[in-house]
Structure formats: structure tokens, C-alpha cells
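> Below is the structure I would like to discuss, written out as C-alpha cells.
The values are calculated or read from the model by the stated rules, or taken from the named source; none is laboratory data. A quick note: this is a predicted structure, and the numbers were derived from the prediction, not measured. No Cβ is skipped: glycine too gets one built from the backbone with ideal geometry, and neighbour counts run over all protein chains shown. To get the accessible areas, we keep the full protein, side chains included, count just its heavy atoms, and leave off ligands, DNA and RNA. Shrake-Rupley method; radii C 1.70, N 1.55, O 1.52, S 1.80 Å.
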Amino acid sequence: MSEWMKKGPLEWQDYIYKEVQVTASEKNEYKGWVLTTDPVSAKVSLSPRLECSGEISACNLCLAVSSL
């Protein structure tokens with residue numbers, strides 16, 4: 001069981017609107033801002049900051065979390 005799964009939904013809320021680095025279940029790492037957590041699937045909705053040519057854009061990722 002991952003460290004993330006040992007926490008409960010109330011503890012997951014502490015991460016909302018904070019910048020984090022997430023290791024997803026497929027072992028890829030992502031960095032961004034937590035928008036929301038899903039208490040049923042234990043996934044986070046992450047908005048990474050992508051910088052390209054001085055412009056900042058955002059997209060939304062829904063990740064199955066292995067560690068945070």
C-alpha cells in the first residue's frame with residue numbers, strides 16, 4: 001500500500017492549492033498544483049505549469065498517486 005493510500009480523504013485536502021511533486025502509479029513523476037482530490041478513486045487532479053518561450057500554460061491531469 002502506498003504512502004498516499006495510508007492517508008485519508010481529510011488529509012488529502014491539506015494538499016489542495018499547493019505545489020507538489022507526484023509519482024504516479026506508472027512511476028512517472030509530475031510537478032504541479034493540486035486542484036482537487038477524488039476520495040473514491042484516491043486520484044488527484046493536478047494542474048502542471050508548462051513554460052515554453054516565456055509563456056505559461058496549464059493543462060489538467062488526473063493521476064493515480066503512488067507517492068506525493
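> Would you calculate the separation in nanometres between label points at Gln13 and Trp33, each defined as 7 Å from the Cα along the Cα-to-beta-carbon direction?
It is 2.0 nm.
> Another question, then. Lys31: accessible area at probe 1.4 Å, nearest 10 Å²?
Lys31 has an accessible surface of roughly 130 Å² with all protein chains in place.
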